[in-house]
1. Give the number of residues within segment 53-84 that are touching a strand residue (DSSP E or B) at 6+ places or on another chain (Cβ under 6 Å) and either modelled with pLDDT of 85 or more or not assigned by TED's automatic domain parsing to the domain that holds residue 128 (or both).
2. Given the conditions (1) outside any helix (DSSP H, G or I); (2) at pLDDT 80 or above, and given that residue 365 satisfies all but one, which numbered condition is not satisfied?
3. Could you grab the pairs with beta carbons closer than 7 Å, sequence gap of 6+ or different chains, first residue in segment 109-131 and over 17 Å from residue 149 (Cα atoms), second one surrounded by fewer than 17 Cβ atoms within 10 Å (Cβ to Cβ) and modelled with pLDDT under 90?
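The values are calculated or read from the model by the stated rules, or taken from the named source; none is laboratory data. Computed from a predicted model, the values in this text were never measured in an experiment. Cβ placement follows ideal geometry from the backbone for every residue including glycine, while neighbour counts extend to all protein chains displayed.
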């Protein structure tokens, strides 16, 4: 019964790292692919622009109308371009002739603009290979240098932002996981302390009571003998408690047992000790005694004892009752434990099985959590709150496979 495992913790951490890495690299790949497509599209626009210039400079087309070219090609370019001659000299400092989509201070003089554009030209040369404008005899007339548009520049940095977000996500998730794990471990230790006290409380209180009875009836052999038998029962129970805790972390042996008979044994043990606990409660059982299942008797007794103790804690009436029923439904044995205690709020029906959860000063720290693990992990069954009404009572239900 492992309450926490290093392997599961490592698996969770590894999963977080894999998820974060997948987000980062997936975004990087997708965005880079998109950037490449946009850059290719922009280069095609520049090539089209170059073809337009070649067409315009061709003497055979002097009388043609070039409005279409400038409306559908030039005006659609939204990224920086600079046009030079064959020797990389800027052909003009006029907007739309020598350059386009470059922010230039309007207060600069022409020679200052040319110096500024020359610096900008060096940046564009580092970004992309220029497009050549050729004459009909294949001589280079102009070169068109271009850069990336704003949207491409934004997309370039986007994946790196995603990687940063992924790293932050992993760090936050890892820190949160460690905090929750430490908190759960703390709750488990607190719960284990409470459960140990809870387990030992009944037999120790009982032994103290039997000791007092021995003092009062030392000269009555029959009474002494009867009390001795009960003391022996409590000592046997203390031995069982020791064995139960020793089984935590190991796989228990399952044998064919009658759930009815196990519950009946636990009820008989509690019935003799209820007066000493100061409780006026009747505990009954009904149903099919002959039905059997594969059980570990010691651990299954622990579950029933936890249900009884929780019911006793919840009962505030003068006349309390705890009723068990055992019945067969198809190939499953259904066990119900009903009490007339103060009930459980509906939003806490699942919470009460969480390690460390408690609605009172004692109990429900680990008892129900251990019970859930015993039934579900070892016996492959189910345990849950079937019904609970505030100030009326609660019904717990256990379902296990019948033999």
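1. Selection size over segment 53-84: 4.
2. Here residue 365 meets the rest and fails (2).
3. Pairs that qualify, where the first residue is over 17 Å from residue 149 (Cα atoms) and the partner is surrounded by fewer than 17 Cβ atoms within 10 Å (Cβ to Cβ) and modelled with pLDDT under 90, are 113/104; 116/104; 116/108.
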